[in-house]
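Notes to accompany the following structure.
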Amino acid sequence: MTRFATGAEPSGAAAERGAGHDEQSVSQAVQSMFDGIAPRYDVLNHVLSVNVDSIWWRRTARLFAPVLQNPEAAVLDMCCGTGDMTLALLRHRPLNARPVVALDFSHAMLERAKGKFSSPEFCPHGVVTMEADALHMPLSDNSIDLITAAFGFRNLANYEAGLREMARVLRPGAPLGILDFNEPGGLFGKVYNLYFRHVLPRLGKALSGSSAPYAYLPHSVHRFPKPEEMLAMMRSCGFVQATWTPYTFGIAGLYRAVKA
Ligand SMILES: C[S@@+](CC[C@H](N)C(=O)[O-])C[C@H]1O[C@@H](n2cnc3c(N)ncnc32)[C@H](O)[C@@H]1O
């Protein structure tokens, strides 16, 4: 039987393992980690990814343009953080479209997103922010026409529960896009993984002043199910047509599927 990591394991929650490591302690550790790095998140992200992340968000949004261009489509950007994936989606929305729902459980990340969403460039399209846990979304069954999740799914306390929750709220036949990091293979992978595991955490610590989030990042990517495992999990959680497309030599990649 295929075995995959059941969910994220941030150091705060791992430390509580002896006292009962559970999904709630994982979620709380993830939430407080993002609340803590929110003020520096965007700058560090752009520096450490050399702005390639913007290409990934835009490429992902373009793939879902046919859904986004339907003004009636209900669109959810899950784990929206400071809102850059949401903004990439908004570029494809018509002026009279329903607002995109941008959901995250980190108040501080969401506050920064709200600042971006209120820019006159995006106001007419509209976004509704929702401070909520992706594992228990206050959304009706079969109500959403598209879900995206960029670099957030990997942080969920329970991946299967996350996929099942997404399947619950999506309408049958509606697409899902999960953009996240991957560990590339081959010679390139060896060099990149050296940077990702050893250089990036030091750089992140030097620039942000805190070591935990940038030690957690490569650790979480290493633990995250590999593409074939992730695709199997998606199929077992109610999705069909599951595919993975590597981005930038497989540093990241997009999982796509539709609800059966
Ligand atoms: C790495 S950030 C990514 C933000 C944004 N999507 C981007 O592409 O930059 C991950 C986000 O996922 C959010 N997150 C993680 N677990 C979550 C959960 N269970 N419910 C809601 N948000 C969650 C965090 O608060 C954080 O803002």
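The values are calculated or read from the model by the stated rules, or taken from the named source; none is laboratory data. Quantities reported herein were computed from a predicted structural model and do not represent experimental measurements. Don't worry about glycine lacking a Cβ; one is built from the backbone with ideal geometry, like all the others, and counts go over all protein chains shown.
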Restrict the check to the stretch 203-225 and report whether at least one residue is touching a residue at least 12 places away in the same chain (Cβ under 8 Å) and under 21 Å from L170 (Cβ atoms). yes
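Which one is surrounded by the most Cβ atoms within 10 Å (Cβ to Cβ) among residues in the stretch 171-191 that are within 15 Å of the ligand (Cβ to nearest atom) and of a type in the set (A, V, I, L, M)?
I178
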What's the number of the only condition in (1) within 17 Å of the chain's Cα centre (by Cα); (2) closer than 21 Å to P246 by Cα; (3) in the same structural domain as A252 (by TED's automatic domain parsing) that A157 fails to meet? (2)
What residue, among those in the stretch 28-67 that are free of Cβ contacts under 8 Å to residues at least 12 places away in the same chain and not in a helix (DSSP H, G or I), is surrounded by the most Cβ atoms within 10 Å (Cβ to Cβ)? S49
Just to be sure I understand, how many residues within the stretch 22-75 are under 22 Å from G253 (Cα atoms) and away from the ligand (no atom under 13 Å from the Cβ)? 10
What are the residues in the stretch 154-164 that are touching a Phe, Trp or Tyr at 6+ places or on another chain (Cβ under 9 Å) and within 7 Å of the ligand (Cβ to nearest atom), if any? N155
What about S236, is it farther than 23 Å from S54 by Cα and either modelled with pLDDT under 95 or surrounded by 18 or more Cβ atoms within 10 Å (Cβ to Cβ) (or both)? no
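State all residues of the stretch 210-246 that are hydroxyl-bearing (S, T, Y) and closer than 14 Å to R164 by Cα; if no residue qualifies, say none. Break it down into steps so the answer makes sense when it comes.
We begin by selecting, within the stretch 210-246, every residue hydroxyl-bearing (S, T, Y); these are 210-211, 214, 216, 220, 236, 243, 245.
Hit for the stretch 210-246 is S236, nothing else.
Residues checked against (1) under 17 Å from the mean Cα position of the chain (by Cα); (2) hydroxyl-bearing (S, T, Y):
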{"site": "H198", "(1), (2)": "no, no"}
{"site": "G209", "(1), (2)": "no, no"}
{"site": "Y214", "(1), (2)": "yes, yes"}
{"site": "P218", "(1), (2)": "yes, no"}
{"site": "P225", "(1), (2)": "yes, no"}
{"site": "L231", "(1), (2)": "yes, no"}
{"site": "V240", "(1), (2)": "no, no"}
Extreme residue, nearest to R112 (Cα to Cα), among residues of the stretch 27-52 that are among the aliphatic types (A, V, I, L, M) and at pLDDT below 90: V43
